[in-house]
């Protein structure tokens, strides 16, 4: 609320003295009033001269018979105002203790004295300024907040002024206001420039306040930026992206007909950042990589399974050949040792027992492998991804994920499958058979980029 502080000065008792010849002596200073508006060091002065009262106090001298004769009083007052005036020598930037002077203009006083029976005692009047209130000091920068929009290094800054700012003038300017990143420094001025200081002081003084500071430097902080390394990703963001990717994958699982989900495991992330800052595909891409395990649909034939079968057959042949060779050696040894003494015979028998034990162990291992193969035949593993493009930090918790968009496997199934999917038998899998296949596909999606990964190689 705007405050107006008015102080009346130099109001003196009215007086009129009749002298010889029937003239009235009038001191115009008796009808002079000086007022002050504002506070110490910035007050303004104004004045009024009550010409009508000057006439009313001297009706006979002005040839007026009745004090109710308003018309004649107004005419006489108008003549006084026309021929008797003056000005204050100083009206601005006033402080307690200052002396100001009202200077009368008496060049035409004789015309008044000839017309009326009056004698004007005209003398300049000096007045000492006092009783001005002092302004309350305040720091305008305690009532503002710097707000940023956009993404570094192209962020913008603006000033938000608190609702309890003590004065009505609340204009601030920030320089520079654009092209900002965290760590940059900006200058904020109270007013549009330093040349506005005097004007702002006057505006604030009129409301009872005095700014103690007109310029301040701020360090840019809290501006969102694109992540450039995996460690830049906040844990909350990481978890939310993982949650979003899994929820979207769950929607996909509900559309499956020939396979059932047994497990999905996050194996890690790949971060792709362009070598060229003007890359068309974006500023970064954070690719969440999942290993998916499903049951093996009926009639499904897996290349890996065939490879394992071939390996098993080769293994069996090798074992059979080994056993045949061992048997031949044993037969020869028997013939050779037949003619030998009983001790040699006993030794041969012991050797046979050891061989049988070895054969039993080999058979047990083979059985274990068969069990493992049986488990492998029941499940199938492949790799799925969800990429978040243009990931930001700090996080914006109002969104499902802190990125501008999200990408999932895309493919065409028209006279053969192409894209981010493959077919085994008559079963479609969204994703890639191997991790290498997935990585190659990502490299083509985000060309001319460097990749950081936290996926451990097996």
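The values are calculated or read from the model by the stated rules, or taken from the named source; none is laboratory data. None of the values given here were measured: they were computed from a predicted structure. Quick reminder, even Gly has a Cβ in these numbers, built from the backbone with ideal geometry, and neighbours come from all protein chains shown.
Among residues of the range 422-439 that are in the same structural domain as residue 412 (by TED's automatic domain parsing), those with a Cβ under 6 angstrom from a residue that is in a helix (DSSP H, G or I) and crowded, with 17+ Cβ neighbours inside 10 Å, sequence gap 6+ or separate chain, pair up as 432/438.
Being under 30 Å from residue 202 (Cα atoms), crowded, with 17+ Cβ neighbours inside 10 Å and touching a strand residue (DSSP E or B) at 6+ places or on another chain (Cβ under 7 Å), is that true of even one residue in the range 103-113?
Yes, the conditions are met somewhere in the range 103-113.
Of all residues in the range 50-78, exactly one satisfies the criterion of being without any contact (Cβ under 8 Å) to a residue 40 or more places away in the chain, crowded, with 20+ Cβ neighbours inside 10 Å and in contact with a strand residue (DSSP E or B) (Cβ under 8 Å, 6 or more places away or on another chain), namely 54.
Looking only at the range 164-178, count how many residues are assigned to a loop (DSSP other than H, G, I, E, B), without any contact (Cβ under 8 Å) to a residue 60 or more places away in the chain and over 18 Å from the mean Cα position of the chain (by Cα). Write out each step before concluding.
First pass over the range 164-178, keeping only residues assigned to a loop (DSSP other than H, G, I, E, B): 164-171, 176-178.
Now drop any that are not without any contact (Cβ under 8 Å) to a residue 60 or more places away in the chain, which leaves 164-167, 169-171, 176-178.
From the residues that got through so far, the ones that are over 18 Å from the mean Cα position of the chain (by Cα) too are 164-167, 169-171.
Adding up the residues that qualify gives 7.
Of everything in the range 115-138 that is closer than 20 Å to residue 201 by Cβ and in a strand (DSSP E or B), the residue that is nearest to the chain's Cα centre (by Cα) is 138.
Go over the candidates 221, 198, 231 one by one and state the one that is assigned by TED's automatic domain parsing to the domain that holds residue 272 and not in a strand (DSSP E or B). Show your work before the answer.
Details: 221 fails: assigned by TED's automatic domain parsing to the domain that holds residue 272; 198 fails: assigned by TED's automatic domain parsing to the domain that holds residue 272.
So the residue among 221, 198, 231 that is assigned by TED's automatic domain parsing to the domain that holds residue 272 and not in a strand (DSSP E or B) is 231.
If only residues of the range 88-114 that are in a strand (DSSP E or B) and touching a residue at least 40 places away in the same chain (Cβ under 8 Å) are counted, the one that is farthest from residue 131 (Cα to Cα) is 104.
Scanning the range 404-441 for residues that are surrounded by 15 or more Cβ atoms within 10 Å (Cβ to Cβ) and either in contact with a helix residue (DSSP H, G or I) (Cβ under 7 Å, 6 or more places away or on another chain) or at positive phi (or both) yields 408, 420, 430, 431, 432. Among residues of the range 243-270 being touching a strand residue (DSSP E or B) at 6+ places or on another chain (Cβ under 6 Å) and part of a helix (DSSP H, G or I), the one that is surrounded by the most Cβ atoms within 10 Å (Cβ to Cβ) is 245. Within the range 127-134, at least one residue is at pLDDT below 95 and in contact with a strand residue (DSSP E or B) (Cβ under 7 Å, 6 or more places away or on another chain). Would you check which residues across the range 142-163 are in contact with a helix residue (DSSP H, G or I) (Cβ under 7 Å, 6 or more places away or on another chain) and part of a loop (DSSP other than H, G, I, E, B) and list them? Residue satisfying the conditions is 162 alone.
A quick yes/no check of all residues on (1) closer than 22 Å to residue 294 by Cβ; (2) under 28 Å from the mean Cα position of the chain (by Cα):
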position	(1), (2)
395	no, yes
403	no, yes
410	yes, no
420	yes, no
427	yes, no
431	yes, no
440	no, no
444	no, no
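Return only the number of the condition from (1) touching a strand residue (DSSP E or B) at 6+ places or on another chain (Cβ under 8 Å); (2) not in a helix (DSSP H, G or I) that residue 81 does not satisfy. All conditions pass for residue 81, except number (2).
In this structure, is residue 120 assigned by TED's automatic domain parsing to the domain that holds residue 65, touching a strand residue (DSSP E or B) at 6+ places or on another chain (Cβ under 6 Å) and under 28 Å from residue 213 (Cβ atoms)?
Numbers: assigned by TED's automatic domain parsing to the domain that holds residue 65: yes; touching a strand residue (DSSP E or B) at 6+ places or on another chain (Cβ under 6 Å): yes; under 28 Å from residue 213 (Cβ atoms): no.
Criteria not met by residue 120.
The requirement of being in contact with a strand residue (DSSP E or B) (Cβ under 8 Å, 6 or more places away or on another chain), at pLDDT below 95 and over 29 Å from residue 150 (Cα atoms) is not satisfied by residue 439.
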